[in-house]
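Some notes on the structure that comes next.
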C-alpha cells in the first residue's frame, strides 16, 4: 500500500495536483483513503475471524448479540462515516467551480477528434493546446456542435462534459507552471483514444508574451521554400479546411493553423510535432489516425510536401 | 439424508404405480417437439442458465481479445472500429444477455421448488419469456454475421448514436435488441411476482419465505419499474433513427441529456436488480455452510426492500459531469451515500451468521467468502464515487472500470458461480468435483483481483475508459500488461468450472436429495426433482422447514380451514390432475387451484412473431414486420382463447 501511494505521488496523477480544484479533490481523496483503509482492514478482519472462529478446537458457542452487532456495524458506524463524507462533499463542492472576478475566459470546443481553443475578446484561435497564466482564475466554456466530449486534465481539475446545445463551465486556478496533459473522457467515436489536450501554464510575463505574439499581425513567409509551401497550401484542398489568419485560408473543418509551428503535437497528441512526422501526416493522415476528416495527399510530390512542412513550421 | 425423507403420499395406490401414473401425466414429449413445447419451469430455468452462460463465455472472450490489444502500447491487434464494437458488445451482452437472464433462470428453476409449488403461475408465459430472451440474443449477435456490430458503447449515448454520427445499422441492432429483450425481462418479472404471492405452500407466510425468494420478489418489482425507462430511451432513439423524429436532436429542439436521464433511471436500479438476487444467493449459502440460521432475517429483508426503493433515487450520479447545477447534484450525492447503509446491514448479518456458526469451506462457501472480500472493496469505491467532486476526477476513467467490475463481476458473478456449485447437484442430479471447484475458485479470485485492482491506479494516472490504445510514454504500459495477463487467469478459472460441469455429467457422484444439509424446500424432493416437483404439497410451519421438522409434513396433515378444491389440489389428486394449490398472498392459506397447461408451441410461435417484427424494423422490411405481428398476435389470441381445461 505504501509503495503504491509513493508511486502515485511521483508520476502525474490526480494526487499530484497543480490546480485549485485538483488540489481540493486530492485532499478529499486522502481523507477517504484513510477511512477506506481502516474500514477494509477492520471488516475484512471480522470476516476472516468469523470464518475460522467456530472451527477452532474446543470453540465455545459465541455470545455475540446479533441485533446489536448488525446495528452497530451495519447502521451506526456507516452513518458516522457517511456523515463525515457528506460534510466533506458539501465543503469541497462549495469551493469549486464558482465564478471568480478577473477570471480569464477561454472557449474550448470539442471536435471530432481534437479541441478548438479560442480566447474571447481577442483574435487568438488555436487547437489542442491551452496557454494559461499561473495563479489567475480561469473560466473554460466547454461546447460541442457534434457529439459529447469530456474535458479532463487530471492534474488541474475534474471532468466537465462538452454537450451539444448546453455550454458548460469549468472554473479553477492553475497553481504551478508546466505542461499538463489531458484527454477526452467521454467516448466520442472512432478516435476517442487520440484526443489529447495540453494545458501550458506559464508565468504571467510569459503568457503576456505569448498572447502578444499571437495577436501580432502576420508577416509574409520567412523563406522562399515556405513561400512556395504557402502557395501550394492555398492552391490545394488545405485552405478549404484550415484557417491561417491573415491569408485567404479560412476553412473551419480542421484546426486553425495560424500558430501551428509553435505546437507540441500533431493530430491532438498523436505525434510529436517535427518535420518528419508532419510530412507523414500530410501524405496520409487517415493511415495514422483512422477516421480523421483529413484526407490523404498521395499525389503531392516529396518536394511539395517539404515546402508545405516548411511553411507550416514557419507559422508561429 | 434422514431429515429429507418424505412420507409416502396418502393414497391407496402402490407407490411405484403412483409414480408411474404421475410421470405419464407430466412427461414432456421426447426429442425435438418436447424441446420446443415444454413449459416446465425447471427445463425453462436450466435453459435460461445454460443460454446465459453461452453469452457469458462469448462476451468474456471479447474482453480477453481487448486485453490483448491493451497489453502493449500502440498495439495493432484490433482496429479502432473493432475495438469499439467489442467493448460495446461485451458490456451489452454481459448486462442484458448474461447477468439479468442468468438470475431469472435461477429464479425460474428455484422459486417454485423453494415455495413448494408445482410450477410458475404462468408456465406458458415463462416459456415465452425464455424464447424472447434467446431470440433477442441471437438477433443482437447476428450483427456480427452481417459485419455491423453495435459500436456506441453499452450506454449508447446520443448524439454519437444518432443517425448523423452512426449512419449504419450497428446502433439499430443495439436499440432494437434492448427493447426486444426488455419484453422477456418484464413478463418474467410479472410471473415471479404472481408466483411468489399466490403459489406459496400452505403455512409459508411472508416471514417464512426463503431469503432468495425475497430477493427475487424485489428484483421483479424493480424490473417492472425500471425497464420501461430503458425501453423508452431505446424506443425514442430508434424513432429518431428509423422515422426521423428528433427527441434527442438538439438542432431541432430535442435534448441530448434526456437520453441520459432515461437510460440511467433504468441503469442504476439495474445494478441493484443484478446485485439483489446475488445477495439473496449469498444469504442462502452462508447460513447453510455455517450450519446455522441467517442472523437478522428481518434486517436483511428490510435491507433488500430499502435498496429496491433507494436505488431509484441515485441515477444522476452517473451524470455528475454533465453540468447539472451543484445543488441538485448534492442531493444525488447524498442519496448515493445513504444506499450504503442497507448494504452494510446485510454485510454484518452475514458476518454475524458465520461468527455464530461453524463454517465449512465447501466450494459454494469459498465463492461466498470471495464475494465478501471483493464486494467490500467495490462497496467502498462505490461510496467514493458518490462523493461528487471525487467523481468528477474518476468518472469515465479506469477507476470506474475497476469499481463496476468489482461490483458487477466480483459481487454478482462470484455469487452466481457459488450458486452453480450449490444448486447444480439439485438440477442435474450430479455432484461437481470439489477439488476442481477449489482450483477454479482460487484461479478466479486471484486472477480477478490482479486484473481489476490495478485499474483503480490507471484511473488515477488519467487513463480514460474506452480507449483502444495508448502511447508508450504515458506510464500505463506496465500495469496494463499485468492486467492483461491476470485477465486470462480469471478467464481460465471460469473455464475450469465449465470443465467441472461437463465432467460431472459423465462421472459426477450422484447427488443425494440434500447434499449440503440445507434448510429450504427444494432439498426435500429428489435430485433432480420429478416433473411435478412435489407429489403432495409440503406444509410449512417454519422459516427453515428441513431443519425444524423431520420430515416436513405434507398436505395429508394440512390445515383444516382449506377450501375443498384447494385441499384436493394439495395432495396427490392435484398432482394427478396437473393442478397447483393457490394460497392467500400474505398468510399462505389454501384458497383455490390453478391448472398447469399442457406442453404447447404457442409461446415459441408468439416469440417468433415478435422476432419477425424486430427483424422487419431493422431491415425496414414492412412485409416481414407485418407478417411477424400477424403470427405473434394470432398465437397470443389462441393461447388466451384456450382455457387451462382445454390444455390439460
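Summary of computed values
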item: Single match in B:615, B:610, B:637 (criterion: out of contact with any strand residue (DSSP E or B) (no Cβ under 6 Å at 6 or more places or on another chain) and more than 20 Å from residue B:36 (Cα to Cα)); result: B:615
item: Filtered residues of the range B:318-335 (kept if in a loop (DSSP other than H, G, I, E, B) and at the interface with chain A (Cβ under 7 Å from one of its Cβ atoms)); result: B:321, B:322, B:323
item: Residues located in the range A:186-218, provided they are within 30 Å of residue B:88 (Cα to Cα) and either without any contact (Cβ under 8 Å) to a residue 40 or more places away in the chain or in contact with a helix residue (DSSP H, G or I) (Cβ under 6 Å, 6 or more places away or on another chain) (or both); result: A:186, A:187, A:190, A:193
item: Pick from the range B:554-572, criterion in a helix (DSSP H, G or I) and modelled with pLDDT under 70, ranking: surrounded by the most Cβ atoms within 10 Å (Cβ to Cβ); result: B:556
item: Enumeration of residues in the range B:318-335 that are surrounded by fewer than 20 Cβ atoms within 10 Å (Cβ to Cβ) and within 30 Å of residue A:71 (Cβ to Cβ); result: B:330, B:331, B:334, B:335
item: Single residue of B:102, B:158 found to be surrounded by 23 or more Cβ atoms within 10 Å (Cβ to Cβ) and within 24 Å of the chain's Cα centre (by Cα); result: B:102
item: Selection status of residue B:315, buried (at least 22 other Cβ atoms within 10 Å of the Cβ), touching a helix residue (DSSP H, G or I) at 6+ places or on another chain (Cβ under 8 Å) and modelled with pLDDT under 95; result: yes
item: Residue B:203 being at pLDDT below 95, part of a loop (DSSP other than H, G, I, E, B) and surrounded by fewer than 20 Cβ atoms within 10 Å (Cβ to Cβ); result: no
item: Index of the failed condition, residue B:537 passing every other in (1) more than 14 Å from every other protein chain (Cβ to nearest Cβ); (2) in contact with a helix residue (DSSP H, G or I) (Cβ under 6 Å, 6 or more places away or on another chain); (3) at pLDDT 95 or above; result: (3)
item: Subset of the range A:274-316 (residues that are free of Cβ contacts under 8 Å to residues at least 12 places away in the same chain and surrounded by 14 or more Cβ atoms within 10 Å (Cβ to Cβ)); result: A:277, A:280
item: Qualifying positions in the range A:18-32 - buried (at least 17 other Cβ atoms within 10 Å of the Cβ) and more than 20 Å from residue A:152 (Cα to Cα); result: A:32
item: The range A:48-68: number of residues that are facing chain B (nearest Cβ under 7 Å) and not in a loop (DSSP other than H, G, I, E, B); result: 5
item: In the range A:6-47, the residues that are without any contact (Cβ under 8 Å) to a residue 24 or more places away in the chain and more than 9 Å from every other protein chain (Cβ to nearest Cβ); result: A:6, A:9, A:10, A:30, A:34, A:38, A:41, A:42, A:45
item: Selected residue (only one of A:25, A:81 is part of a helix (DSSP H, G or I) and closer than 22 Å to residue B:343 by Cβ); result: A:81
item: Test result for residue B:125, more than 14 Å from every other protein chain (Cβ to nearest Cβ) and surrounded by fewer than 22 Cβ atoms within 10 Å (Cβ to Cβ); result: yes
item: Residues located in the range A:161-174, provided they are within 9 Å of chain B (Cβ to nearest Cβ), surrounded by fewer than 24 Cβ atoms within 10 Å (Cβ to Cβ) and not in a loop (DSSP other than H, G, I, E, B); result: A:166, A:168, A:169
item: Yes/no for residue B:626 being part of a helix (DSSP H, G or I) and without any contact (Cβ under 8 Å) to a residue 12 or more places away in the chain; result: yes
item: Residue count, the range B:481-520 (criterion: assigned to a helix (DSSP H, G or I) and in contact with a strand residue (DSSP E or B) (Cβ under 6 Å, 6 or more places away or on another chain)); result: 1
item: Unique match (being in contact (Cβ under 8 Å) with a residue 60 or more places away in the chain, away from chain A (no Cβ under 14 Å) and touching a strand residue (DSSP E or B) at 6+ places or on another chain (Cβ under 9 Å)) among B:40, B:119; result: B:119
item: Number of positions in the range A:86-128 that are assigned to a strand (DSSP E or B), more than 14 Å from every other protein chain (Cβ to nearest Cβ), closer than 14 Å to residue A:172 by Cβ and touching a residue at least 40 places away in the same chain (Cβ under 8 Å); result: 0
item: Test: residue A:71 is at pLDDT 95 or above and more than 7 Å from every other protein chain (Cβ to nearest Cβ); result: yes
item: Out of B:157, B:109, sole residue that is in contact (Cβ under 8 Å) with a residue 12 or more places away in the chain and assigned to a helix (DSSP H, G or I); result: B:109
item: Test: residue A:189 is assigned to a strand (DSSP E or B) and modelled with pLDDT of 95 or more; result: no
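The values are calculated or read from the model by the stated rules, or taken from the named source; none is laboratory data. It should be emphasised that the depicted structure is a prediction, and the values quoted were computed from it without experimental measurement. In this analysis, Cβ positions are derived from the backbone assuming ideal geometry, glycine residues included, and neighbour counts consider all displayed protein chains.
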